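Reviewing the structure listed below.
The values are calculated or read from the model by the stated rules, or taken from the named source; none is laboratory data. Predicted model, so just to flag it, every value in this text is computed and none were measured. As a convention, Cβ positions derive from the backbone with ideal geometry for all residues, glycine included, and neighbour counts pool all protein chains shown.
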Amino acid sequence: MNNSIWTKTVGRVFGAEIRRQVRAGLAAENDATFLLGTSPTGGTERDRLSPNRQEVFEQALEAWRVNPLARRLVELTTQYVVGGGISIHCKHVPTARFLEEFWHHPLNRMAVRVFEWCDELSRSGNLFVLLSTDASGMSYLRAVPAADVAEIYTRPNDVEQPLAFLPRATLEQLQPLPWPAYNAREDAPGPDGAFPPVMLHFAINRPVGAQWGEPDLAPVLRWLSRYTNWLEDRARLNRFRTAFLYVVKSRFSSESDRLARQQRLNASPPTPGSILVTDENESWEVIAPRLESDEANTDGLALKKMIAAGAGVPLHFLAEPESSTRTTAEAAGGPTYRRFEQRQSFFLWLVRDVLRATLNRRALVDGRIDPQARVEVHGADLSARDNVALAMAANHISAVLTELRDRGLIDDSELLRVAYRFFGEVPDIASLLERGREAGAVKARPEPAKRGRKYPAGKVDLVTGEPKLD
């Protein structure tokens with residue numbers, strides 16, 4: 001009885017305040033706070049939550065579409081990683097012939113498709129390749145947007161062994177069927193001779209123990225937005241920089257006289273360059289906005305530095321010549337080239353892995369194909385300047401290594417190892433020696449007479465590769 005009376009009394013006195021605080025607390029909740037303490041259903045604990053991951057994909061795509069800096073950052077990666085294109089080589093003739101046919105098939109067009117793949121890899125951090133094969137063993141590839149994949153099913157004890165990929169539900173397919181992951185040991189044609197479509201997944205910027213990769217633009221999305229807002233504000237203010245107002249001061253006998261004078265001036269304002277003659281009772285002043293461009297330049301440069309640091313490129317790659325010296329620009333480009341070299345190595349492995357899957361399927365219906373044949377995938381050089389510098393280094397070291405070999409201080413393996421190191425290559429030394437023994441020694445040929453001007457060693461422009469004329 002007492003509890004009931006006490007409850008009713010508290011409800012009447014404090015009920016309105018309690019309800020107000022509850023509503024305020026619920027209104028303060030947002031997506032981020034609502035998801036605190038939850039675990040992802042479509043990934044591991046190292047992955048982003050599905051709503052947050054989807055938001056990052058959408059923001060990266062929108063930034064690539066409308067932001068020139070974001071578009072340029074993605075283009076830079078593709079231009080250096082793919083460059084002039086990708087070439088494939090295989091010594092097994094039937095296998096090489098099939099790879100050539102697959103590469104240039106009208107439904108594949110791999111020579112052009114690799115650019116799209118590299119863009120998608122940088123833009124979303126994930127590349128989902130759907131592999132379809134007909135009864136003849138010819139495969140066809142299509143890249144699926146990362147935003148269209150809802151979940152990745154993996155083995156319970158290994159997140160790097162995918163089993164299937166679940167597409168995101170649409171109005172046309174409310175319960176879509178998952179795409180099975182490619183497994184070379186279990187892959188086989190169906191009763192009708194056709195292969196089931198399978199999917200391959202490649203990810204970059206992926207934390208250890210995670211399933212999903214991260215876009216290259218993810219760390220700089222916030223700063224791209226801030227730089228865009230700052231630039232728009234500066235452009236909007238600069239538009240009104242030339243705007244001004246006249247302030248006319250005079251002694252009026254009444255408010256009606258002041259309004260009459262203001263109406264006359266508004267009806268026929270003075271034109272630029274005109275001459276105004278007034279007496280001592282009237283004075284004119286001009287009010288104009290004052291924009292301090294020095295501080296604005298510093299603020300804009302700081303924002304752009306944050307974007308460049310997050311993307312791993314120097315400022316002169318973003319049309320911002322921070323220094324006027326070539327030495328500083330070349331030194332700043334060193335780490336960037338290393339990053340592009342790592343990305344190119346990953347992308348070439350990606351292409352090689354896809355080619356291996358197509359070979360395995362073709363070999364199941366064509367006995368002439370060797371699925372174990374060695375396939376080499378080569379990309380374009382990152383910088384012609386590097387080739388000139390490496391050639392000069394190899395030219396200088398060759399004479400020293402030859403003399404050491406003639407004296408018996410080093411063997412053939414050590415000579416090749418050091419020589420190729422100065423060439424910037426990491427070859428298989430044992431394979432090189434074996435092929436060299438099979439080819440046999442080459443008879444010495446008389447050195448042709450050199451014509452023209454002789455240039456001393458090292459007199460080469462490291463940028464253009466042209467000889468220097470002193």
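Annotations for the structure displayed:
- Verdict on Thr228 being without any contact (Cβ under 8 Å) to a residue 24 or more places away in the chain and not acidic (Asp, Glu): no
- Within the stretch 192-214, considering residues that are of a type in the set (A, V, I, L, M) and part of a loop (DSSP other than H, G, I, E, B), the one farthest from Ala181 (Cα to Cα): Val208
- Of the residues making up the stretch 233-257, those that are out of contact with any Ser or Thr (no Cβ under 7 Å at 6 or more places or on another chain) and charged (D, E, K, R) are Asp233, Arg234, Arg236, Arg239, Arg241, Arg251, Glu255, Asp257.
- Counting only residues that are touching a residue at least 40 places away in the same chain (Cβ under 8 Å), over 16 Å from Asp148 (Cβ atoms) and over 22 Å from the mean Cα position of the chain (by Cα), the stretch 175-208 holds 10 of them.
- Residue check, Tyr420 among the aromatic types (Phe, Trp, Tyr), at pLDDT below 90 and closer than 28 Å to Trp117 by Cβ: no
- Any hit, the stretch 251-267, residues being under 54 Å from the mean Cα position of the chain (by Cα) and in a loop (DSSP other than H, G, I, E, B): no
Each row is one residue, and each column tells you yes or no for (1) among the basic types (Lys, Arg); (2) at pLDDT below 80.
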{"residue": "Arg356", "(1), (2)": "yes, no"}
{"residue": "Ala363", "(1), (2)": "no, no"}
{"residue": "Leu382", "(1), (2)": "no, yes"}
{"residue": "Ala393", "(1), (2)": "no, yes"}
{"residue": "Glu403", "(1), (2)": "no, no"}
{"residue": "Asp412", "(1), (2)": "no, no"}
{"residue": "Asp428", "(1), (2)": "no, yes"}
{"residue": "Arg445", "(1), (2)": "yes, yes"}
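- Members of the stretch 143-181 that are in contact with a helix residue (DSSP H, G or I) (Cβ under 9 Å, 6 or more places away or on another chain) and assigned to a strand (DSSP E or B): Ala143, Ala150, Glu151, Pro167
Residues are listed down the side, and each one gets a yes or a no for (1) out of contact with any strand residue (DSSP E or B) (no Cβ under 7 Å at 6 or more places or on another chain); (2) under 15 Å from Val354 (Cα atoms); (3) of a type outside the set (S, T, N, Q):
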position	(1), (2), (3)
Arg97	yes, no, yes
Phe102	no, yes, yes
Leu107	no, no, yes
Val112	yes, no, yes
Asp119	yes, no, yes
Leu127	no, yes, yes
Leu131	no, yes, yes
Asp134	yes, no, yes
Leu141	no, yes, yes
